[in-house]
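Only one structure is covered here, and it is reproduced in the block below.
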Amino acid sequence: MGGGGSNPDPQSSYAEFRVQNNIWGAKFLDRTSWDWLKGKGKDDSVPSHLWRIHDGLYDLEEFASRHPGGESWIRITRGSDITEAFEASHVHPDVPEGLLKKYRVGEATWPRRSPFTFHPQGFYRTLKKRVGERLGKENGPTWKSRLFQDLLLVAFLLAFLRAAVTGARLWAVVTGTCLALAINYAHNFFHMRDNVRMYVFDLSCWSSREWRISHALSHHLFPNTILDAEIIMFYPFLDYLPRASKGFLLKYFSRIYINFLFPIFMPLDLTKRYLNAVVGKQSLHPENLLPLAELAILAFSRGFGEGLSLWMWIHGSCSVVFLIIGLTAAHHHEDIFHDGDRPSPDRDWGVGQLQAIGERTEVMGSPWLSGITFGDHILHHLFPTVDAFRLPALYPVLEETCREFHVQFNRFTYPELVIGMYRQTGRTVTNPKIPISNCE
Ligand code: HEM
């Protein structure tokens, strides 16, 4: 990252190492969420049996199984710095912070590798306090939210049955579209404490368990930096970072050919997961078998060849719809911070989030539309455990705090973000102007 004294050194950072050495071919199977976690642990230099939060070292082994948010969040992050995850996950921090004291075993004497800070009087902590007060005790899913997820699931199941009975490609495409919308919303649920609706995500070729790492712990906490696993998800086909070394193909043609690769990205991820399971590099969990169960149903009703073809149409369409919505949702535009651009002098984590996100004006404040198109993105990034249906009520608090700290959040129309996304793929020059500043 450009600027900022405690930033990770790009040359030694595992994330950068992965971009340069671990992309494709023989190393293809190594590029997983679990590898990102291992790399982060290496970068953070935290003893492998402990967890770091701010400058404290904690032994959370015994606490993990009692963690109200779910055991896995704690287990998978052992041996790393979880400051950002801890701060962002607890909108009511009093109880978690009180509990922490019990598990403190030492002091971390080396600086954090993260570029971000959480000053008690800074932007994020101030905003979080106000948001906590505004929400009251409740931040989990509302009944409307649960109903919405269930309706999206039912739409997928009905379309799937229709495709299985008729064998029609059109119904396979409708099924894939319904699936993409259902998993977009299911992403709201995998950020929360463990719950059954988060597994809707696993009906697709993605895995909620892996996305809790590559998306919740990586992308969400370090958006558009080299610590963001999603920023290099499409490398070497596409590179969103403004690098001078970008070759001719990446610079001029990736914006064209990437569209033709959309249908295969999600099925490729599933293939990688299964291959890694075969070679013993990762284990499969029951929810990872859901796409296979879909294939079995289709093969049973249509025969293997036609069933496989339908399955590919469903997941190819899902991949296209999901990626079109996801890539144009909020993060890629030339006026949005990408690693290498000059960051704001205030390294507050919340300000960093504002710099790396653009809000789409068309869906802002409307959870029914935002939920299926990754809208209300800024508030969702800042408070990922708060239900999508509770976010619109938080805009007045966000706006008031932005005014007070002299920061603003980016707003774009959808066409601006689509055009910006394609232009960003060819950007080679870093942005010296600070997109959002509260210091100059
Ligand atoms: C990797 C780090 C962590 C992550 C990602 C995480 C995630 C979560 C999530 C998703 C929830 C549910 C939030 C909700 O429903 O509002 C939660 C709740 C909670 N977590 Fe964590 N957590 C982490 C670390 C910790 C630690 C270290 C502690 C304390 C030692 C802790 C204590 C709690 C408590 C007490 C709650 C319940 C809070 C409430 O109901 O208001 N968490 N956590």
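Okay, here's what the table says:
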read-out	value
Pair list, Cβ < 9 Å and 6+ apart or interchain, from the range 92-103 residues that are in contact (Cβ under 8 Å) with a residue 40 or more places away in the chain to residues that are assigned to a helix (DSSP H, G or I) and near the ligand (Cβ under 8 Å from one of its atoms)	L100/F86; Y103/F63
Some residue of the range 51-61 being in contact with a strand residue (DSSP E or B) (Cβ under 6 Å, 6 or more places away or on another chain), within 12 Å of the ligand (Cβ to nearest atom), open to solvent by 70 Å² or more (accessible area, probe 1.4 Å) and modelled with pLDDT of 95 or more	no
Residue within the range 101-113 that is within 10 Å of the ligand (Cβ to nearest atom), closer than 28 Å to G136 by Cβ and open to solvent by 40 Å² or more (accessible area, probe 1.4 Å) present	yes
Residues satisfying the stated conditions in the range 119-153, i.e. more than 14 Å from the ligand (Cβ to nearest atom) and open to solvent by less than 30 Å² (accessible area, probe 1.4 Å)	G122, F123, Y124, T126, L127, F148, Q149, L152
Pairs, first of a type in the set (S, T, Y) in the range 348-373, second open to solvent by less than 10 Å² (accessible area, probe 1.4 Å), C-beta under 6 Å, six or more apart	S370/D376
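The values are calculated or read from the model by the stated rules, or taken from the named source; none is laboratory data. Not measured: the values here are computed from a predicted model. Here Cβ is always computed from backbone atoms with ideal geometry, including for glycine, and neighbour counts include all displayed protein chains. Just the protein is used for accessible areas: all its heavy atoms, side chains included, with ligands, DNA and RNA removed. Shrake-Rupley method; radii C 1.70, N 1.55, O 1.52, S 1.80 Å.
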